[in-house]
1. Kindly list the number of the only condition in (1) crowded, with 21+ Cβ neighbours inside 10 Å; (2) outside any loop (DSSP other than H, G, I, E, B) that fails for Thr129.
2. Looking only at segment 101-146, count how many residues are in contact (Cβ under 8 Å) with a residue 12 or more places away in the chain and within 18 Å of Ser38 (Cβ to Cβ).
3. Out of all the residues in segment 64-87, is one or more within 14 Å of Phe140 (Cβ to Cβ) and small (Gly, Ala, Ser)?
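FYI, it's all coordinate maths here, none of it is from the lab. Computed from a predicted model, the values in this text were never measured in an experiment. Here Cβ is always computed from backbone atoms with ideal geometry, including for glycine, and neighbour counts include all displayed protein chains.
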Amino acid sequence: MRTEKYILVGGLALIFLFVVLSPRDMPVVSQGGQTYISGLTWLNSLEAGIEQASSTGKPIMVYIWATWCKYCEQLEKDTYVNPEVNAIMKDNLVLVAINIDEQGDLAARFGVGAPPAEIFLTPNGEEITRIPGYVSASEFLQVLKQVTRA
């Protein structure tokens, strides 16, 4: 009976850890014109982002990233999964993810030579502001609130 309790408690602990930690360890997956990062759905095309932003009136966030980029990984696991950051991004922005290895010409058009970078645009595609490199959730939240007025 005692062994069964240990197995039950151990199993529940594993399930709890999986549920708590899984959003932080989600892989980046791209499929069908979209990329899934940090529990968020991102468009892979700036044109599609501008089209969606024009119809919704939401600003655009262009995230320039790469699979080999350690600071990108840190942004995705620490900053983007912050509940307040994640909610503002999901509800108030059109998200566009640009893999610099696949769309380097677009990154160069924005003057970005190395990831990560976040570029915030009006629904018409005009630049509002940008964040080069890694920033903490609290720093990122200040920019999000300014851009979205959330």
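1. Every listed condition holds for Thr129 apart from (1).
2. Number satisfying all stated conditions: 16.
3. Looking for residues that are within 14 Å of Phe140 (Cβ to Cβ) and small (Gly, Ala, Ser), one finds at least one in segment 64-87, hence yes.
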